[in-house]
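The values are calculated or read from the model by the stated rules, or taken from the named source; none is laboratory data. All figures in this text were calculated on a predicted structure; none of them were measured in a lab. Cβ coordinates were reconstructed from backbone atoms using ideal geometry, including for glycine residues, and neighbour counts include every protein chain displayed. Ligands, DNA and RNA are stripped out before the accessible areas are found, and what is left, the full protein with its side chains, is counted by its heavy atoms. Shrake-Rupley method; radii C 1.70, N 1.55, O 1.52, S 1.80 Å.
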Amino acid sequence: MSIANAKGQSGQSDMTTQRRKNEANLRVALQYYSSCGKLQDDHSLEQVTPGLATLEFMKRNCPEGTKLEDFCIQSGQFFEFEQYKYGDIIFHYGDVGDKVYVILKGEVAVLVPRSESEIEAEREEISQAKQPFEFEAFWRNKKPLKQIYIEVMLSQLNSSVYFQENVCMFKKVFQFYSGQSFGDVALISDKPRTASILVTSDQIYLISMCKKDFKILCEKSVLEMNQTLDYFVKLFPSVGRMQITKFIQFFHKIELPPQQWLWREGEQVKFFLLILKGRVEVKQQQLPLYQVSDNSFIGHEEILECMPFRQYTCKTLDNTTAYYMEYEDFNSSRKTSPDIVKLLIEKAKLMTSYLEQRKEEVKKGQIYVEPICLPVERRLVKDMFVIKSPRKNEVRSNQPKCLSYFDITKFNKQKAKPNNTNQQQSISEDLFFSKEKNIKTTRSPSYLTQKLSPINKQMKEILMKKFKLNFKFNALQSFQISSCKSVHEFGSKSRFKTEPSIDN
């Protein structure tokens, strides 16, 4: 708990520092929008552009190939100034999304409905309290002070949606401050608002953009958001689409080159990754433990276990595309996406157990696992189809022949399923049968000449002569040549030079 509290305090300090920096960058934009309401002239738009260019909203939605400054000038004219005071509700849970908001100065709280179990437990606890019931005094030592203030504000709205029978129906899960945007999820998904927004600062100054202008200017962002949503729905099929939408708004896409160090062992934990495409290697004490690839989470184990430092080293092996989420953003999303966090915890347990197993293998020297090899018989065609003479002292040509698919297929079928009716049929007879089939199905040379460019009759006659000679030569090779007096005399003929086959 001490580590978590220390992390929370440091995160709160970083948030305050960032908020003040954003307010300083947006001071000029606040002056122009508060005085004009909406900017139309080029001079005013050029003056507010440096401040708008620092917004993450602008960087995320700027189309590729467009300068950020030009995009800020183009979209700056569609923003309209709005102002609210402490305790106001900017929009309610379930409302139709019609605007996106960017905070120039101030803070808001994100409220979501509480579960039925939480409401029933609180009602039972209040029923046992002394009467008359005083809300602040009863919860003073049982709830954080900021939470009590928010519940008191909601009770003053006199709405049964937020407060019933001394029980608050909503709870705070997150907050936005200067320089941040909210409300775009409902515009992208075309769904009702998934939370209520309550002003928690004395005053808040915002600029808003309507849904129509947002979809025109931020078409690229809307398309990418829908693609990202579809990807995460496939990754977490058992989680609701709305909960996934809340979770992925904290992710940022990043491209990483090969051999890029993501973090080293002993460094402070700042973020975790979801690898979209690529390959990442994990090492511990300079020894490779394992590799992770597409659709794999990495680095979330230390965050879930509240570890301040990395337990292993991590670097990319290939060009890698990934989503990353910072430490504080993940802690915020844990409240709005409990089902996803539960799945990540299960994945972290599996990864931790596998890591321990790999450590033991490394200690024993079993770093590399031999690949599984299946016995595969490799035989050449000339080894499979050796011509064997059925009778002794019979010489057959063993010159390499061009085998058809019919020959090879028939041979394989006989090896797989032997023919019980005639198992002693020789391979030479099979080859002779296939050769007769090939002769019957061979196209005539006149067909070939029709496919060529127009030629004269003399060329056709030459082709016919060559075809007849080749046909006679192939036929002679398939039968015994009785005119040869001996094997030596047969081999001496240059045109029909062959080698004798090996008899059984």
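Numbers below:
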read-out: Near pairs, Cβ below 7 angstrom, 6+ apart or cross-chain, from segment 26-44 (within 15 Å of residue 205 (Cβ to Cβ)) to any residue that is among the polar types (S, T, N, Q) and part of a helix (DSSP H, G or I); value: 28/47; 32/44; 32/47; 36/44
read-out: Output for segment 46-56, where each listed residue is within 22 Å of residue 212 (Cα to Cα) and open to solvent by 70 Å² or more (accessible area, probe 1.4 Å); value: 56
read-out: Subset of segment 214-247 (residues that are open to solvent by 40 Å² or more (accessible area, probe 1.4 Å), free of Cβ contacts under 8 Å to residues at least 60 places away in the same chain, assigned to a helix (DSSP H, G or I) and over 30 Å from residue 70 (Cα atoms)); value: 230, 231, 233, 234, 241, 242
read-out: Candidates 199, 167, filtered to the one that is in contact (Cβ under 8 Å) with a residue 40 or more places away in the chain, of a type in the set (A, V, I, L, M), under 27 Å from residue 60 (Cα atoms) and open to solvent by less than 30 Å² (accessible area, probe 1.4 Å); value: 199
read-out: Count of segment 35-45 residues which are in contact with a helix residue (DSSP H, G or I) (Cβ under 7 Å, 6 or more places away or on another chain) and surrounded by fewer than 16 Cβ atoms within 10 Å (Cβ to Cβ); value: 1
read-out: Per-region count, segment 57-99, residues in a helix (DSSP H, G or I) and surrounded by fewer than 16 Cβ atoms within 10 Å (Cβ to Cβ); value: 5
read-out: Residues that are of a type in the set (A, V, I, L, M, F, W, C), modelled with pLDDT under 85 and open to solvent by less than 50 Å² (accessible area, probe 1.4 Å), drawn from segment 331-353; value: 348, 351
read-out: Segment 128-154: number of residues that are closer than 25 Å to residue 174 by Cα and open to solvent by less than 50 Å² (accessible area, probe 1.4 Å); value: 10
read-out: Set 29, 24, 53: member being small (Gly, Ala, Ser) and farther than 20 Å from residue 106 by Cβ; value: 53
read-out: Subset of segment 204-213 [open to solvent by 20 Å² or more (accessible area, probe 1.4 Å) and among the hydrophobic types (A, V, I, L, M, F, W, C)]; value: 210
read-out: Residues of segment 254-274 that turn out to be β-branched (Val, Ile, Thr) and open to solvent by less than 40 Å² (accessible area, probe 1.4 Å), as a count; value: 1
read-out: Any chance residue 142 is under 44 Å from the mean Cα position of the chain (by Cα) and closer than 22 Å to residue 202 by Cα; value: no
read-out: Contacts under 6 angstrom Cβ, first residue in segment 96-125 being closer than 27 Å to residue 52 by Cβ, partner in a loop (DSSP other than H, G, I, E, B) and β-branched (Val, Ile, Thr), 6 or more apart; value: 107/200; 109/200
read-out: Qualifying residue in segment 177-185 (condition: surrounded by 20 or more Cβ atoms within 10 Å (Cβ to Cβ) and of a type in the set (A, V, I, L, M)); value: yes
read-out: Residue ranges of helices (runs of 4 or more DSSP H) in segment 112-211 with at least 2 members of a type in the set (Asp, Glu); value: 116-127
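Condition check ((1) modelled with pLDDT under 90; (2) surrounded by fewer than 16 Cβ atoms within 10 Å (Cβ to Cβ); (3) closer than 28 Å to residue 60 by Cβ; (4) touching a Leu at 6+ places or on another chain (Cβ under 6 Å)) across all residues:
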site	(1), (2), (3), (4)
252	yes, yes, yes, no
276	yes, no, yes, no
287	yes, yes, no, no
290	yes, yes, no, no
